[in-house]
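Since the structure comes first, as structure tokens, the remarks are kept for the end.
FYI, it's all coordinate maths here, none of it is from the lab. Not measured: the values here are computed from a predicted model. Here the Cβ positions follow ideal geometry from the backbone for every residue, glycine too, while neighbour counts run over all protein chains shown.
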Amino acid sequence: MRTKELLAPAKNLECGIAAIDHGADAVYIGAAKFGARQSAGNTVEDIATLCNYAHQFGAKVHVTVNTIIYNDEMDDMLQLICELEKVHVDALLIQD
């Protein structure tokens, strides 16, 4: 039997913490680049803080990397993914 997961959008760190405080099993957030919500300007440090908070409660953090990536952006995008891995994000939401 599958269990249901409450996945909530998080515009920023504060919204992500609030979602977890109100029962979200997971949140998704955009980084400062390569996400459809990049205008929120979330730094990797903000995402790290959210991951640390979420993981205390067994919640997960997904990061959007869901814009079209052009060839000249590939190195920057891969660097971002490496940084996100280091702060222990649980998943990436990507566009194919």
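So the values come out like this:
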| quantity | calculated |
| --- | --- |
| Percent of alpha-carbon pairs separated by more than 23 Å within the chain | 20 |
| Positive dipole terminus of the chain, leading residue within Ala36, Gly16, His88 (C-beta point charges) | Gly16 |
| Sparse-neighbourhood loop sites, trypsin sites (Lys or Arg not before Pro) in region 1-72 - DSSP loop, at most 12 other Cβ within 10 angstrom | Arg2, Lys4 |
| Added length on full extension, which subtracts the Cα-Cα distance from 0.36 nm per residue, Leu6 to Asn52 | 14.7 nm |
| Using θ = phi - 60° and Karplus 6.51 cos²θ - 1.76 cosθ + 1.60, couplings along region 20-31 (whole Hz; Gly, Pro as x) | 5, 4, 9, x, 5, 7, 7, 10, 10, 9, x, 7 |
| Region 57-96: relative contact order in percent, alpha carbon pairs under 8 Å with at least 6 residues between | 70 |
| Distance-filtered residues of region 22-37 - backbone nitrogen under 15 Å, label point 7 angstrom along Ile68 Cα→Cβ | 34-36 |
| Degrees separating the helix 74-86 axis from the principal Cα axis of the chain, which is the longest one | 30 |
| Mean residue ellipticity (222 nm) of the chain, computed from DSSP H runs ≥ 4 via -39,500 (n - 2.57), nearest 500 | -11000 deg cm²/dmol |
| Cα centroid separation - region 1-41 against region 45-68, whole Å | 7 |
| Sparse-neighbour loop sites [chymotrypsin sites (Phe, Trp or Tyr not before Pro); region 4-96; at most 10 other C-beta within 10 Å; DSSP] | Tyr70 |
| Potential lengthening between Lys33 and Leu78 on full extension [0.36 nm per residue; Cα-Cα distance subtracted] | 15.1 nm |
| Between 0 and 90°, nearest 10: helix 44-56 axis offset from the chain longest Cα axis | 20 |
| Filtered GluC sites (Glu not before Pro), region 1-50: DSSP coil and at most 11 other beta carbons within 10 Å | Glu5 |
